[in-house]
1. Please order His178, His271, His172 by the number of other Cβ within 10 Å, starting at the fewest.
2. At 0.36 nm per residue, minus the direct Cα-Cα distance, what do Glu223 and Thr28 gain on full extension? Give it in nm, one decimal, please.
3. What list do you get for Leu3, Leu206, Leu39 if you sort them by fewest beta carbons within 10 Å?
4. Would you list, by chain and number, the lysines whose Cα falls below 20 Å from the Cα of Lys274, excluding same-chain residues fewer than 8 positions away?
5. If you take the charge dipole of the stretch 135-287 about its Cα centre, with +1 on Lys and Arg Cβ and -1 on Asp and Glu Cβ, which of Ser245, Leu186, Leu285 is farthest toward its positive end?
6. Of the chain, which part is the longest with no GluC sites (Glu not before Pro) in a loop (DSSP not H, G, I, E, B) and with at most 16 other C-beta atoms within 10 angstrom?
7. As a test of the definition: which semi-axes, in Å, follow for the stretch 51-120 when you take the square root of five times each eigenvalue of its alpha carbon gyration tensor? Largest first, please.
8. Roughly how many whole Å is it from the C-alpha centroid of the stretch 220-240 to that of the stretch 1-77?
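Just so you know, all these numbers are worked out from the coordinates, no wet-lab data involved. Bear in mind the structure is a predicted one, so any value in this text is a computation, not a measurement. For neighbour counting, all protein chains shown are included, and Cβ atoms are generated from backbone atoms with ideal geometry for every residue, glycine included.
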Amino acid sequence: MELKQLEYFIAVAEELSFTKAATRLFITQPPLSRQIQQLEQEIETPLFIRKARSIELTDAGEFFYQHATKILQHAEEAKLMTRRIGTLQQEFKLGFVGSVLFGYLPQIIRQARINNRDFKILIEEMDTPTQIRALKSGLIEVGFGRILIEDPAITSIILRREPLIVATPLDHPLVNLHRPLQLSDLVGETIILSRVHDRPPSYLPLLTDAFKQRQLPFPEIREEGDLQFAIGLVAAGEGISIVPSSYKKIRFNVVYHSLEDPSLAASINMHFRKGDSSPIITSLLSIIYDLYDHDAITHTKESLTNLVS
Ligand code: BEZ
């Protein structure tokens, strides 16, 4: 039984006329009648009652019509989905949280485009929970963020820990210290933090704990706007900020100071579907680790084979 026969049968069943069905199908009547007869012979059941001036579906014909329409619909869906998967294979989409844009992301994307010319690499800013949903529904292939995810369907790895630094206005007294800062230097300050996707930065709990452990009063926190906005408020003298060190790229009339404690760091994490061993994921990981090695960035390189198998 061929799909074409089903298509012919459906046309005759809906038009209840061989002449009209033949016109609809852009064929002549004799081959149409032949195909319907062959179908009836194959099924070994009459599908139509042929009268002098009209035709009707038999009960078996009615039953077959319900199934034939579904089969054609499924075949069409299979064709469309397969075509979509075929196109998707040529696209590789990454999700990232805004705060990793100041790190190596631009270099990684540029290199990934050079190394994987067969793929169209697309990027979209989204928070981590959205990345995880997008990974599961196949909308993205990889996500980069600042929090680790525990999900049986997702591999989530720490790529590196980025030291936190302090941003102050140009004329702030801390500028005169000319040394790495300690948390005790920040007591009494107002700390301005960004609030992106209605969430405070991932490292806020780490900071709170660090002040608590040192028995220092926690500074006043103001959470406002996006990353650049927070730095803009610092430049305006509204307070100071604590940010990942890659934010140094935001040159905005502020001075950046390192912190003495290396444990004060925000991680950069990568998420992908568990077991996804597509070559482009392996390629991305090697690009990232090569960049780290080139710049002598400390990282815990995990075996690529272990990660994607
Ligand atoms: C990084 O700065 O280390 C980084 C940023 C985005 C994606 C992966 C790594």
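1. Lowest count first: His178, His172, His271.
2. Length gained, Glu223 through Thr28: 62.8 nm.
3. Least to most surrounded, the residues fall as Leu3, Leu206, Leu39.
4. Excluding near neighbours in sequence, the set is Lys93, Lys136, Lys301.
5. Comparing the listed Cα positions along the dipole, Leu285 ranks first.
6. Looking at the chain, 45-149 is the longest stretch - no exposed GluC sites (Glu not before Pro) with at most 16 other Cβ atoms within 10 Å.
7. Taking √(5λ) for each Cα gyration eigenvalue gives 55, 13, 7 Å.
8. Using only Cα atoms to place each centre, the spacing works out to 72 Å.
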